[in-house]
Amino acid sequence: MQQRNRLEPYFENLAFERDDNTMVVNFGPQHPSAHGQLRLILEMEGEQIKKAHPDIGYLHRGMEKMGENMIYNEFLPTTDRMDYIAATANNYAFALAVERLLGIEDKVPRRAKVIRMMLLELNRIISHLFWLATHALDVGAMSVFLYCFREREYAMDLMEDYCGARLTHSAVRIGGVPLDLPPGWLDHLNVYLQKLPDQIKLYEGLLTENRIWRMRLEEVGVIPPEMAKQWACSGIMLRGSGIEYDIRKEEPYELYDEVDFDIPVSDRCDSYGRYLLYMEEMRQSIRILRQLIPMYKETEPELMAHAPEYISAPKEDIMTQNYSLMQHFVLVTQGMRPPVGEVYAPTESPKGELGFFIRSEGEPYAYRMKIRAPSFWHTGILQDLLPGHYLADVVTIIGSTNIVFGEIDR
Amino acid sequence: MAQHPMNSVANAGLPVALTTVDKLVNWGRTNSLWVLTYGLACCAIEMMASGASRYDFDRFGVIFRASPRQADVMIVAGTLTKKHAEFIRRLYDQMAEPKWVISMGSCANTGGMFNTYATVQGVDRVIPVDIYLPGCAPRPETLQYAVMLLQKKLRKRTIFQKQKPKRLV
Amino acid sequence: MRPYKPKDNVQKKSYYTDRFWVAPRIPEESVEDEVYKADLESLAKAVNYKKAYIMRGQLVIIIDAKDNVATLKHLKEECGYEVLSEMSAIDYLAQDGEFEIFYQLLAMSKRRRIRVKCRIKENEAIESVEPIFRSADWSEREMYDMFGIKVNNHPNLKRILMPEDWVGYPLRKTYPLHGDEAAQWYEVDKIFGKEYRDIIGPEQRDPAYVSTTDTCNFARIHHEVPRCADPNSEPEKIEVFNDDALLTETFDLKKAKIVDRNR
């Protein structure tokens with residue numbers, strides 16, 4: 001028998017029966033289908049939701065404060081743990097912000113850019129597959145979960161072959177990438193890219209015309225375009241409302257202006273439209289990856305930007321040249337000192353617009369690091385989106401927003 | 001046969017019969033460890049992956065449950081923050097005895113890389129932990145290894161033995 | 001003598017800085033871009049902004065704090081900056097006794113981004129922009145939570161990331177990374193009560209701390225040992241897991257079939 005602690009008995013239904021025949025239901029913070037630690041306090045009238053109060057912060061780990069107390073290279077692995085489903089997208093967003101702050105964005109070698117884009121698009125596929133798996137599981141389709149995880153594991157193998165980690169990649173460095181692709185990697189990627197479209201067709205065959213799936217998703221969670229703009233939605237939440245804005249296309253970074261791909265847009269504004277977009281985006285990622293394979297072969301084998309003030313020299317130089325060694329020592333122990341100023345760099349992560357705002361005072365530590373995580377606003381929109389829906393739709397709506405709590409709470 | 005009256009349960013008598021029962025009960029217990037999914041952060045994804053198709057946790061009899069009342073083991077997967085600490089204790093108290101805790105990942109073990117104001121520095125400050133599982137994030141194989149270690153630990157129990165009070169009240 | 005540590009800014013400092021080091025600055029370029037120029041001209045009719053320049057390709061407008069609602073309203077309705085993608089504050093209390101608040105706006109039709117900045121004193125409040133941009137609802141709550149900046153006319157100004165009964169504002173420069181005393185004992189006080197502080201003990205926050213003799217919290221390095229085993233005992237080597245398990249076959253690598261990873 002456990003001894004008593006100070007926690008009083010806790011009644012989930014805070015006020016079960018009130019005079020006006022409404023009840024308050026507490027949902028979370030540890031709920032299997034809340035995609036993390038979301039706590040929702042729902043005021044309901046019968047089955048219908050009258051008011052919703054999302055309560056977040058259960059995964060707040062103080063990352064922004066950490067960013068102010070770490071040198072830039074030290075902080076990079078921490079960004080993995082933000083959107084842990086697509087870690088490279090975070091690494092890249094941070095690296096891009098710092099590169100823009102340093103002014104070395106153009107100095108990143110072409111091969112590094114191609115590798116970064118490959119990893120980003122592979123991560124997009126991983127993230128979308130994961131989204132489909134969990135969303136389908138929440139709505140009730142167990143087999144889709146198993147199928148999606150099977151394909152996801154192959155993509156994870158590719159990531160693991162490149163950087164050694166399954167989940168927390170840290171595969172992008174400030175100024176380039178640390179490693180070249182291992183031998184045979186492109187062949188494995190090719191095999192994967194050949195198999196994936198059939199699998200996507202399989203998922204679509206299971207879901208797209210499925211009567212239950214359509215009944216659960218159609219006309220559920222309708223976000224009008226005005227509301228999407230008001231809540232600063234981005235990514236598929238925005239494009240699902242009929243607004244065509246993809247940062248890869250509109251404000252291109254890396255080599256996205258050289259590859260050929262489409263931005264799928266849906267006017268349906270509901271969860272079903274967003275589901276279709278996710279499937280289409282996976283196909284577009286495959287298309288980008290296919291174009292990247294020949295681009296990689298044409299590049300020079302150079303991986304890190306040449307900016308001796310900020311970036312360590314290549315390993316051979318450090319081993320042979322005295323000055324490179326000294327510079328490397330200073331950069332590792334003290335950290336690089338960016339110029340005074342501030343920068344905001346947006347990127348298109350699988351979830352939406354992921355941006356880093358960095359204020360530098362010329363110290364090796366950022367004076368202020370603000371992380372603009374898309375899911376933060378996609379959770380905020382729940383308080384306007386949920387009222388009027390039924391309790392069973394809550395899970396569908398949370399699922400279709402594709403929120404990840406590592407980046408909401410940071 | 002003993003001449004004097006004897007309470008075999010209280011005196012832990014009847015060694016042959018009871019060991020067999022012990023073994024049988026432990027066999028059932030170790031091979032149907034139902035797990036309370038306590039997915040908090042990144043490790044939860046690996047926990048899901050270990051339950052999914054490639055790693056197939058069902059082989060070990062590990063079935064994920066969403067309710068603390070149906071669970072034997074709590075896998076704390078991810079960073080425990082100070083705001084959440086209260087709820088993990090509540091759910092731990094709601095689990096039926098005997099119960100065990102696997103702390104999965106560096107964040108749950110020691111706070112890991114999040115050495116900040118908002119993170120609980122080790123979930124063992126709040127609930128007693130049986131197995132610490134290192135890694136950030138641990139691979140699914142590591143989680144299965146931890147469950148095998150826990151099974152090994154369970155096999156040493158006898159059925160009439162009450163779970164000893166653990167360090168934390 | 002104890003070394004002096006400044007209390008108003010406890011952010012980590014570089015251990016060594018060259019005496020004659022002068023940090024370079026990112027240049028503040030004049031506004032040449034046609035679109036930005038038109039926006040500034042339009043804005044000048046409505047609000048008297050202090051300064052405008054381009055930094056790393058984005059327009060920065062510095063305004064007076066009391067003009068923030070008028071500026072954002074004008075930028076949204078006249079210039080097409082419809083999305084408030086980000087807002088927060090920067091703590092300059094140690095230097096100037098002020099907070100700097102920035103609003104990051106996006107015009108999707110023009111593919112342009114603007115940053116509007118203003119400064120307020122420590123105890124001043126800022127007017128909420130929630131009526132113009134709904135997304136400011138949560139951003140302003142986050143700003144209040146992290147910096148303690150009060151926002152006037154906000155519909156629901158409560159803490160958002162930290163618990164309601166948290167003490168202090170974490171992102172201020174006076175707040176240490178490891179938290180103040182209330183933060184360090186928060187979970188113990190809440191769950192067990194203050195009297196359990198002695199039993200549970202302070203947090204171990206040294207990342208390099210490894211105790212080879214402590215088997216109560218961790219197994220011995222490289223070995224699994226039973227809980228609270230004698231530190232001098234021989235470590236138990238586990239090679240086979242289910243040797244004592246009933247009805248279970250022991251795994252044999254030689255008999256196992258290894259599947260080809262690419263199918």
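Key figures for this structure:
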| item | result |
| --- | --- |
| Per-residue ³J(HN,Hα) for the range A:244-261, Karplus 6.51 cos²θ - 1.76 cosθ + 1.60, θ = phi - 60°, Hz, x for Gly and Pro | 8, 8, 10, 5, 4, 8, 7, 10, x, 10, 6, 10, 5, 7, 9, 8, 10, 7 |
| Peptide ranges C:156-169, B:37-50, C:34-47 listed from the most packed, as the mean C-beta count within 10 angstrom indicates | B:37-50, C:156-169, C:34-47 |
| Cα centroid separation, the range B:100-140 to the range A:147-169 (Å) | 24 Å |
| Lysines whose Cα lies under 17 Å from that of A:LYS201, excluding same-chain neighbours fewer than 8 positions away | none |
| Which listed pairs, of A:LYS229/C:LYS76; B:LYS83/C:LYS158; A:LYS229/C:LYS45, have C-alpha distances above 18 Å, in listed order | A:LYS229/C:LYS45 |
| For the range A:202-217 and the range C:168-186, distance of Cα centres in Å | 49 Å |
| Environment charge at A:LEU96 (Cβ cut-off 10 Å; Lys +1, Arg +1, Asp -1, Glu -1) | -1 |
| Positive minus negative residues near A:ILE263 (Lys, Arg vs Asp, Glu; Cβ under 11 Å) | -4 |
| Once exposed loop chymotrypsin sites (Phe, Trp or Tyr not before Pro) are cut out (DSSP; at most 12 other Cβ, 10 Å), longest piece of chain A | A:17-410 |
| Sequence-distant lysines (8 or more away, or on other chains) whose Cα lies within less than 28 Å of A:LYS195 | A:LYS113, A:LYS249, A:LYS297, A:LYS351, C:LYS257 |
| Kirkwood-type radius of the range C:87-158, with distances r between different C-alpha atoms, in Å | 12.8 Å |
| For the range C:43-57, Karplus couplings with θ = phi - 60° (6.51, -1.76, 1.60), whole Hz, Gly/Pro x | 5, 4, 5, 8, 10, 8, 7, 7, 7, 9, 8, 9, 10, 6, x |
| Fraction of antiparallel bridges per DSSP, the range C:34-152 only, in percent to nearest 5 | 75 percent |
| Cβ neighbours within 10 Å from other chains - mean over C:159-165 | 6 |
| Nearest-0.05 FRET efficiency for B:TRP34 and A:MET326, computed from C-beta distance (R0 60 Å) | 0.55 |
| Whole-Å semi-axes of the range A:119-262's equivalent ellipsoid (Cα gyration tensor) | 29, 23, 13 |
| Normalised convex hull volume, the range C:34-152, alpha-carbon set, Å³ per residue | 100 Å³ |
| Semi-axes of the equivalent ellipsoid for chain A, Cα gyration tensor, largest first, Å | 39, 26, 19 |
| Antiparallel %, DSSP beta bridges [both residues in the protein assembly as shown], to 5 | 70 percent |
| Per residue Cα convex hull volume in Å³ - calculated over the protein assembly as shown | 215 Å³ |
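Rule-based calculations on the coordinates, nothing more; no lab input. Since the structure is predicted, the reported quantities are computational estimates derived from the model, not experimental observations. Methodologically, a virtual Cβ is constructed for each residue, glycine included, from the backbone with ideal geometry; neighbour enumeration extends over all protein chains shown.
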